[in-house]
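To keep things clear, I will list the structure first and then write my remarks on it.
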Amino acid sequence: MADLHAATEVDGVPLTVNGTPIVARKGELLIEAAARAGTYIPHFCYHPRMAPVGMCRMCIVEVDTGRGPALQPACMLECTPDMVVDTESEVTKKAQDGVLEFLLINHPLDCPVCDKGGECPLQDQTIAYGPGESRFVEEKRHNEKPIPVSELVLLDRERCILCDRCTRFAKDVAGDPLIHFVQRGSSTEVSTFPDHPFASYFSGNTVQICPVGALTASPYRFKARPWDLDQVESTCTTCAVGCRIATQTSRNEILRHQGVDSDPVNWGWLCDKGRFGFEAVHSDDRLTEPLVRRGEALEPVRWSDALGAVAGVVSQVLAERGPTAIGVLGGARLTNEDAYAWVKLAKGVLGTDNVDCQLGDGLPPELVLGTPRATIDEVCAPGGTVVLLAPDLKEELPVLYLRLRAAAVEHGVRIVEVSSLPTGLSTYAAARVAPRPGEIGEVVAALVAGRTDREVGGVAPEALAAAAALLTEGPVTVIAGRPSIAESPVAIVDAVAALLHGIPGTRVLSALRRGNVHGALDAGMAPGLLPGRVTLEVGRDRFADAWPTVPAGRGLGATDMLAAAADGELDVLFLLGVDLDDIPDRDLVARALAGARLVVALDQFANGSSSRADVILPVAGAGECDGTTTNLEGRVTQVAAAVTPPGTAQSDWIVAVELARLLGADLGATRPADLWAELEHVGAAHGGVTTEVLRSPLAVDGIVLPLADPAPYLAAMATPVSISNAGAPVTAATDAETTDDDEAVDEPTTSSGPALLVFDPPEATPPTPVDSYSLRLVSGRQLYDDSIVVRRSPSLAGLRADTVLRINPYDFDRLGVGVGDEVRISTNRGAATIACHPDGDVPRGAASLRYAQPNLAVAALLDATLPVTDLRVETVG
Amino acid sequence: MARLTPENVALAQEIIARYPRPRSALIPLLHLAQEQDGWVADDAMEHLAELIGIEPAEVLGTCSFYEMFKREPVGRYVLNICTNISCQLLGAEDLLHHAERSLGVKAGGTTPDGAITLEDVECIAACTEAPCLQVNYRYRYKVGPDELDALVDDLRAGRLDDEVPPHGTVARIRQHIPADRAAGPAVPGVAGEPAWLTSRPKPAEEASS
Amino acid sequence: MSERTVPKIITSRFVVDDAHTLAGYERTGGYQGLRAALARRPDEVVEEVKAASLLGRGGAGFPAGVKWTFCPPGVWPRYLVVNGDESEPGTYKDRILMERDPHQLIEGILIACYAVGCAQAFLYCRGEMALAQERLAQALNDAYAAGYIGKGILGTDFSVDVVLHWGAGAYIVGEETALIESLEGNRGMPRLKPPFFPAAKGLYLQPTIVNNVETLSNLPWLMTNGAAAYTELGAEGSRGTRMFAVSGHVRRPGVFEVEFGVTTFRDLIVGDQYCRGLHEGRTLKAFIPGGASAPWFFEEHLDLPLEKGTIDRAGSMLGSGAIVVMDDTTDAVKACHRVVRFFARESCGKCTPCREGTDWLEKILRRILDGHGRRSDLALLMDVADNISPGITWPPKQTTICPLGPSAVSPIASALRRFRDEFEAAVGGTPVRVPRREVARG
Ligand SMILES: Cc1cc2nc3c(=O)[nH]c(=O)nc-3n(C[C@H](O)[C@H](O)[C@H](O)COP(=O)(O)O)c2cc1C
Ligand code: SF4
Ligand code: FES
């Protein structure tokens, strides 16, 4: 008996829907099982990514579980063996029609002017099944027409059908319960608290999931009708999470981004920066033609003239000083194809290894590429422990924050947060330790070794013990990034090394931030690397065959390149989408610009610093390029051009091809796909991931590099997927990925080709002694910072907030100023005045500033050569 | 108007400590705020949100669900006339209309002197004493027009001050769990199987069978 | 009607002036039931309560002892939540029990906690009941001081806190899952059962027993006198005694504890020791047998015994023990509207059919009363009702989560079917004369 039951549970749950036997998964909701079997049950409140509440009652159907048919909400009912479901019976139909009528009696008939018109489930249901004429002669409910619930979202309460989707999202998914039901019964409405707007980084999702037009986004309002929109599927490259998006356009203009549900990545969610940042694409400030410096002024020139001038100087420098006098900085915002073209140009044609896609605010590529990597799903798998050595993910990788939050709240994943300042995840962390800035390495080493008998790095023994205990449970993953740009990454490197060494099986998920930094690193955009996650030494032979040349030796990273330029040792500097203002250490940047002979900026905007370049080349950006991108897991997905770039702006890869041609080399590419094909061929980590594989139905969520076996993907191409096993591809793809990674853990090689990079931890660096006259600066980023995307997106620009200096109340009291008073801060690099606030979350002896806000550029205070930043704080006047 | 006074914060903390989860104290705390000010002000809701670690919007969501919480100032006395079925059968609507006329306000309104807020309410569990009403949740049974007028006079004249506290105060006696007697809240994830369930010996016949 | 004298099980102290004090309670046999229970094993206490087949008095009438066994084994902590939110129109019994005999309730709570293994109890008293709250608070404080509640009760290893909690005005919070939501600090919106049966997933999703005040008030007597004495009273399936509040058009409205299962409606409404009949010259039009949610009964139902099964089969329910009597002066449309208005006003708003449907029904009836009714309104009322409670059957089917929405259908179905002529008249048909009520009362 028991065995029989066990068998059914494993194999699935048999039931009957409208006379047809189907098999549900164990624990599956009826609405989901029916949908997989091709029976659509109408619904409004149910959303596959949120816990069901069963309150709209639209999905009620007659279900017989042996005690006669009864109406049950399909969205709340788990399938049980042998249940008999009738979604078409008279009783079901009458009940559903009744619900629809109830929803409509107070709903305005303003579909023609409603943003949702044409994509509204309520409208669709009404047209399909609704009663022709209204029997409701009473007066409809009236409310003030749309009221803003935030800067980005408006609420029309008359249209609201109280499905609890937005409010559930805010509370359960985003963890920002700033909108809520208020009042009760027929007076119920969604509302914010007075003067507390729905200021969530995820507010746009509520607009997307609202089943009617009650919530609208101010950037999209009245812009277009759904049927006028063209749509391409793509990947958001605002940050490195790589959320899947649908880019919707009309007449060569991007009007909207919608989240696409990618199971291993974003679950359909987007952050508001990713959702609304497209506004920058159509900014009037876009560069539309090449500019060349003549004295103080930048003058428009033809592409051929601009490129000719660049090629001329480059040839001369090559001849006079050799390839090491040339450097390429940036590239973390390019597509993989752009990145490969530029790596090939720099390393394979010019022969320089001075290439760095990170700007001194990242991590050593060996750590990112050479450690056993974890996927987001692996980090979030129930039963695991996650060590956070990362910046505030809510600010920098927002949808990764959502995934981790869900993992902690719903699946009991234990988060151990190690960071000097609390983050958006602190409240969900099972343990939190706050080391003194710069001392993360020692603290993690102590945790791993179980040395919890005395204080380490400012962390009390009890806190150490609590965190250390968690590291002994379940698989451990590490999320590693740069918690503070004011500290060098050495402490993080030491911390990761300690975990990898001390806890066998530990995997690492990178928390580097820029959109395609991982793809650029994979393409070899870092000193000492060649495409495909191999070192210069290991890959030299292979690339000597593939390329005209290979750099002779390891080149310079970003900071060293700038220093070399400042010292007159580097003549030509290419900037690939680099905002020089953002680089930690503005003093160094200024000296580098002065020292270089030729600075060539490829950019979309003439931002503060690229306008200091000698040649500015307008390039295409997100939404304007075809190709692929790689997220922080190493997952390759496709990006698609939805609109054409403005003026004569070109894709970065074309610029590389043209420059190479002028220098007498052929990069061998006439379209992005050619570049990917070559990268797949030469890149050890890319092997097998052909364009064909990427287009396989099994690869809807992309492919995590390296891929062990492309065969299933290719086989799936051959056999079209049928509806009946529509659920299968996801599983197959997940399985395939898991296998790859399992192999990658122990043997980071592909089946053939050169050995992939392995992280070789350096000796631990001792912490810098504390200077008792200063406070040690911690500086992380805020989502709405002073970056180009935010500044050039009108809807987001206003959301930037000024930063203030936050220090521990103890230090604050010693300073003797009032809350919010201005103080003078200074470092060896610069000084500023800024409002100062006491904050118990900041450890004693530390100071917190957001990195790049409108009122202060921390970059101007930093010295890139120092491991920590000591900040002097004085009263003014 | 106001955030909680320090004394009320202390009381709030005592109340919160009784529950396994702080949020459970929300309704009693909203009553406390209303007791302090006579109504529940936005500032008070924000303060409660801080005290129990939730968002003010969540406090509002709960507060606005319940009819006893007034989010605008009301009279010193709230007069709740029941008009539900048992009282209606015995003339409650006439009583309500009389009250509206004699007080000069419609149900839901407050007299200009701020003394009385009149409400038309649902069943107050005194059906056998219909028609009935409550003034600040103190009952008056079998009320006719004259009794109502007399009551209002007494209230205005302060003759009932001992019996009827100003609006906001419901119970004048509070529960206090003495620390040395408290069993303590049963917190999920912490509290295990109660000792007394297993400590008693099994009877002989059961043990042998 | 039975001739023997029926003991008062739960209202025995109503004649004692100071029964609400600890002294008064102890003097009249108080806390003896708890001592009796503590002398036995918890599972024996459960068996005793099961043997008494004590039906829940909150409305649904489910046997308490059986409910207690539904907690999944091995899941701790368990809670007891006492439902003292009495708000069903016509219902008036829990309040008196809390005001007049608070210690009896507390003793019942302790017995239940001991039996079920609840590590904490929450006594949820209706927000509007100031006196009940004061009496309960005082009783709890005194009982703590006397060692009846808290740590190591009466020197045993039985420890439990009883926390007084109170609401703030929302009828729906009487529904057990809404009560739990409210106790968690939320809007009182019911949860769907399954999966959220309180005994399995209740307060904080832990096993939780929700019992009514009257149900628990039976336990001290039951423990002292035993299940056998209890089952001597009443009829098969409805044992012991029960409290009924009889209100409306009777000479002597009141709250009475009567023998369950055998006493008839006629006994209560007409009997000398109870309500003594209708006023001079009046005839019975209808009566609500078990609170506003119950379908109405009429003359022909008067001789039915107050027995759960019988009443269920006759198409209504004893519900919360609230009998509302309407004589021939009652305007059926008005009475119907008033009850519907109650449900519309008290809908929590979660389910579309209840939120929109009850509001719509109320608006139609209001319009009819205001003289703007249409002939088609009567069919419309029934069809809207049918969309809330398909088939308009008893027990009701529902398109909603909880029974509140369908409850609004009861008065419509009852009144419109029985007094169709009055509704026809109200929408412009032939007038019907409803006699006017005399102004004088009593
Ligand atoms: C709309 C609605 C209102 C209710 N109101 C009350 C109430 O005020 N008091 C009560 O004890 N039970 C009420 N109940 C019944 C409770 O849900 C629950 O069945 C009862 O408290 C269980 O206690 P018992 O088993 O001891 O009767 C109500 C149920 C519904 C559906
Ligand atoms: S039936 Fe009404 S009261 Fe009950 S849950 Fe649904 S909306 Fe709320
Ligand atoms: S979708 Fe099931 S009740 Fe709304």
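The values are calculated or read from the model by the stated rules, or taken from the named source; none is laboratory data. These numbers were taken from a predicted model, which means no experiment stands behind them. Here Cβ is always computed from backbone atoms with ideal geometry, including for glycine, and neighbour counts include all displayed protein chains.
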In the range A:794-818, anything surrounded by fewer than 19 Cβ atoms within 10 Å (Cβ to Cβ) and in contact with a helix residue (DSSP H, G or I) (Cβ under 8 Å, 6 or more places away or on another chain) is listed as A:Pro794, A:Ala797
Kindly state which helices (runs of 4 or more DSSP H) lie completely within the range C:347-418 and contain at least 3 residues that are more than 9 Å from every other protein chain (Cβ to nearest Cβ) and within 14 Å of ligand 1 (Cβ to nearest atom). C:404-407
From the list B:Ile81, B:Ile116, B:Ile85, which residue is modelled with pLDDT of 95 or more and within 8 Å of chain C (Cβ to nearest Cβ)? B:Ile85
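Going through A:Cys79, A:Cys75 one at a time, which residue ends up being over 26 Å from A:Gly213 (Cα atoms) and either within 16 Å of ligand 2 (Cβ to nearest atom) or buried (at least 23 other Cβ atoms within 10 Å of the Cβ) (or both)?
Working: A:Cys75 fails: over 26 Å from A:Gly213 (Cα atoms).
Residue meeting the stated conditions: A:Cys79.
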How many residues does the range B:1-48 contain that are away from chain C (no Cβ under 14 Å), among the hydrophobic types (A, V, I, L, M, F, W, C) and over 17 Å from the mean Cα position of the chain (by Cα)? 5
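Answer yes or no: is there a residue in the range B:62-78 that is in contact with a helix residue (DSSP H, G or I) (Cβ under 6 Å, 6 or more places away or on another chain), under 29 Å from A:Ser186 (Cα atoms) and in contact (Cβ under 8 Å) with a residue 60 or more places away in the chain. Steps first, answer last, please.
Our first condition is that a residue be in contact with a helix residue (DSSP H, G or I) (Cβ under 6 Å, 6 or more places away or on another chain); within the range B:62-78, this holds for B:62-63, B:69, B:77.
If we keep only those that are under 29 Å from A:Ser186 (Cα atoms) as well, we get B:62-63, B:69, B:77.
Narrowing the set further to residues that are in contact (Cβ under 8 Å) with a residue 60 or more places away in the chain leaves B:77.
The answer is yes; a qualifying residue exists.
Is it the case, given these coordinates, that B:Tyr77 is crowded, with 24+ Cβ neighbours inside 10 Å and not small (Gly, Ala, Ser)? Please lay out each step first, then the result.
Details: crowded, with 24+ Cβ neighbours inside 10 Å: yes; not small (Gly, Ala, Ser): yes.
For B:Tyr77, the condition - crowded, with 24+ Cβ neighbours inside 10 Å and not small (Gly, Ala, Ser) - is met.
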With the requirement that a residue be surrounded by fewer than 24 Cβ atoms within 10 Å (Cβ to Cβ) and in contact with a helix residue (DSSP H, G or I) (Cβ under 9 Å, 6 or more places away or on another chain), what does the range C:391-402 give you? C:Gly391, C:Ile392, C:Trp394, C:Pro395, C:Pro396, C:Lys397, C:Cys402
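Report whether or not B:Leu51 is over 14 Å from the mean Cα position of the chain (by Cα) and either more than 22 Å from A:Ser150 (Cβ to Cβ) or more than 10 Å from every other protein chain (Cβ to nearest Cβ) (or both).
Numbers: over 14 Å from the mean Cα position of the chain (by Cα): yes; either more than 22 Å from A:Ser150 (Cβ to Cβ) or more than 10 Å from every other protein chain (Cβ to nearest Cβ) (or both): yes.
Spelling it out, B:Leu51 is indeed over 14 Å from the mean Cα position of the chain (by Cα) and either more than 22 Å from A:Ser150 (Cβ to Cβ) or more than 10 Å from every other protein chain (Cβ to nearest Cβ) (or both).
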Quick one: how many residues across the range A:90-117 are of a type outside the set (D, E, K, R) and farther than 18 Å from C:Ile388 by Cβ? 8
Out of (1) at pLDDT 95 or above; (2) surrounded by fewer than 20 Cβ atoms within 10 Å (Cβ to Cβ), the one A:Glu473 does not meet is (1)
Enumeration of residues in the range B:54-68 that are closer than 16 Å to A:Phe193 by Cα and within 10 Å of chain C (Cβ to nearest Cβ): B:Ile54, B:Glu58, B:Val59, B:Gly61, B:Thr62, B:Cys63, B:Ser64, B:Phe65
In the range A:32-54, residue nearest to ligand 1 (Cβ to nearest atom) [restricted to those that are within 14 Å of chain C (Cβ to nearest Cβ) and within 22 Å of A:Lys171 (Cβ to Cβ)]: A:Gly54
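Mind telling me which of the residues C:Arg313, C:Arg276 ends up being surrounded by fewer than 20 Cβ atoms within 10 Å (Cβ to Cβ), out of contact with any Pro (no Cβ under 6 Å at 6 or more places or on another chain), in contact (Cβ under 8 Å) with a residue 24 or more places away in the chain and among the basic types (Lys, Arg)? Outline the logic, then answer.
Details: C:Arg313 fails: in contact (Cβ under 8 Å) with a residue 24 or more places away in the chain.
Only one candidate qualifies: C:Arg276.
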Take A:Asp164 and decide whether it is within 31 Å of the chain's Cα centre (by Cα), under 24 Å from B:Glu67 (Cα atoms) and touching a residue at least 24 places away in the same chain (Cβ under 8 Å). yes
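Of everything in the range C:51-63 that's within 6 Å of ligand 1 (Cβ to nearest atom) and at pLDDT 95 or above, which residue is farthest from C:Val213 (Cα to Cα)?
C:Phe62
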If you go through A:Val355, A:Val416, the only one that is at pLDDT 95 or above and under 27 Å from A:Ser200 (Cα atoms) is A:Val416
Across the range A:50-74, what is the total count of residues that are more than 43 Å from the chain's Cα centre (by Cα) and touching a residue at least 60 places away in the same chain (Cβ under 8 Å)? 0
Tally of residues being of a type outside the set (D, E, K, R) and in contact with a Ser or Thr (Cβ under 8 Å, 6 or more places away or on another chain) across the range A:284-308: 4
Filtered residue count, the range C:86-116, keeping only those that are in contact (Cβ under 8 Å) with a residue 60 or more places away in the chain and either more than 10 Å from chain B (Cβ to nearest Cβ) or in a helix (DSSP H, G or I) (or both): 20
Out of A:Ala656, A:Ala641, A:Ala660, which single residue is outside any loop (DSSP other than H, G, I, E, B), of a type in the set (Gly, Ala, Ser) and under 26 Å from A:His282 (Cα atoms)? A:Ala656
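For the range A:788-877, list the helices (runs of 4 or more DSSP H) that sit wholly inside it and hold at least 1 residues that are over 30 Å from A:Ala606 (Cβ atoms) and not acidic (Asp, Glu); which are they? Spell out how you get there, then give the answer.
On the way: elements: A:788-791, A:794-797, A:809-815.
Filter on the range A:788-877 gives A:809-815.
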When residues of the range C:67-80 are limited to those that are in contact with a Pro (Cβ under 8 Å, 6 or more places away or on another chain) and crowded, with 24+ Cβ neighbours inside 10 Å, the one nearest to C:Arg242 (Cα to Cα): C:Tyr79
Criterion (surrounded by fewer than 24 Cβ atoms within 10 Å (Cβ to Cβ), among the charged types (D, E, K, R) and away from every other protein chain (no Cβ under 11 Å)) met by exactly one of C:Glu175, C:Glu181, C:Glu236: C:Glu236
Across the range C:14-37, the tally of residues that are surrounded by fewer than 22 Cβ atoms within 10 Å (Cβ to Cβ) and either within 14 Å of chain B (Cβ to nearest Cβ) or part of a helix (DSSP H, G or I) (or both) stands at 11
Given the criteria touching a Cys at 6+ places or on another chain (Cβ under 9 Å) and more than 10 Å from chain C (Cβ to nearest Cβ), does B:Leu160 qualify? no
Condition check: within 16 Å of ligand 2 (Cβ to nearest atom) and either surrounded by fewer than 24 Cβ atoms within 10 Å (Cβ to Cβ) or touching a residue at least 12 places away in the same chain (Cβ under 8 Å) (or both). Does C:Ala60 satisfy that? yes
